[in-house]
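This report refers to the structure that appears directly beneath it.
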Amino acid sequence: MRLRAIVSVLAALCLLSMAALGQILYGNLVGNVTDPQQAAVVNASVSIKNVTTGYSASVVTDDRGAYEIRNIPPGVYEIKVTARFGLCLGF
């Protein structure tokens, strides 16, 4: 009887530990920067800043206007896109 209880507890701990492995603590921001004619904006700077913690990250768009910021901690962010010719869009 005691062995059955120990095995049951160990099985429950194994299942709970596997569920914990599936938790994701970070996110990614992926997108494209385009002009009003839907043409890609190359070398635009995309910056984010957490309004609470001050965490920030920035990337530059590629030749397709695409960008990706990886491993972003949870929170509320300001996003700023600045193009070479001085256009600045804040959201």
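The values are calculated or read from the model by the stated rules, or taken from the named source; none is laboratory data. Predicted model only: the values in this text are computed from it and were never measured. With ideal geometry, Cβ positions are generated from the backbone for all residues, glycine too; neighbour counts draw on all protein chains shown.
Things worth noting here:
- Those residues of segment 59-86 which are under 12 Å from the mean Cα position of the chain (by Cα) and either at pLDDT below 95 or not acidic (Asp, Glu) (or both), in sequence order: Tyr67, Ile69, Arg70, Asn71, Ile72, Pro73, Pro74, Gly75, Val76, Tyr77
- Enumeration of residues in segment 46-88 that are among the aliphatic types (A, V, I, L, M), assigned to a loop (DSSP other than H, G, I, E, B) and without any contact (Cβ under 8 Å) to a residue 24 or more places away in the chain: Leu87
A quick yes/no check of all residues on (1) at pLDDT 60 or above; (2) out of contact with any Pro (no Cβ under 8 Å at 6 or more places or on another chain); (3) surrounded by 10 or more Cβ atoms within 10 Å (Cβ to Cβ):
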| position | (1), (2), (3) |
| --- | --- |
| Leu3 | no, yes, no |
| Leu13 | yes, yes, yes |
| Ala20 | no, yes, no |
| Asn32 | yes, yes, yes |
| Ser47 | yes, yes, yes |
| Asn50 | yes, no, yes |
